[in-house]
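Since every read-out is calculated from the coordinates, none of them should be taken as a lab result. Keep in mind the model is a prediction, meaning the values are calculated, not measured. Cβ placement follows ideal geometry from the backbone for every residue including glycine, while neighbour counts extend to all protein chains displayed.
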Amino acid sequence: MSGAVILLSACATKAAPDFGGRWKPVNRFAKTTMEIPLYKSYVYQATPMDGTLKAMLERWAKDSSMELDYKILSDYTLYGAVSEIASTNVSEAASSLSTVYAAQGVSVSVAGNKIVVQPAASSASGPALNQ
């Protein structure tokens, strides 16, 4: 019996400390309502996981149930200027990409249900077409 008492007393714990500070009541309704959108528009933007122009456009096409028509032989790394592109309109995002990659002679556009990547019209020394 004395062994049982010793074991039970060994398991005794201290009372919970009395935490001070500012407490906020939980499970209360707010005084005003707040809108929670049920549908969020897709934002065409680069992510660090994309890495290259082609990988990013493949993701955009997949996420939007579109096709990617990549008509150039080269791929390009993403750089700082691409991180500034964020649009809910795929045509605007494509146009911005064309501006960002103009020095490389790359044109990105949208035709119907396709994202089209091709040499820029004014680029005589741009990348060759994918045959």
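Can you give me the convex hull volume of the Cα atoms of the range 49-119, divided per residue and expressed in Å³?
Cα-based convex hull of the range 49-119, divided per residue, equals 81 Å³.
Using packing as a proxy for protection, rank 38-47, 106-115, 65-74 so that the peptide with the highest average count of other Cβ atoms within 10 Å comes first.
106-115, 65-74, 38-47
Which of the aspartates and glutamates could a cross-linker span from residue 114 if the Cα-Cα distance has to be under 12 Å and same-chain partners fewer than 8 positions apart are dropped?
Here the aspartates and glutamates satisfying the reach criterion relative to residue 114 are 58, 67, 69.
What full-extension length gain, to one decimal in nm, is calculated for residue 23 and residue 38 as 0.36 nm per residue of separation minus the Cα-Cα distance?
Extra length from residue 23 to residue 38 when fully extended: 2.2 nm.
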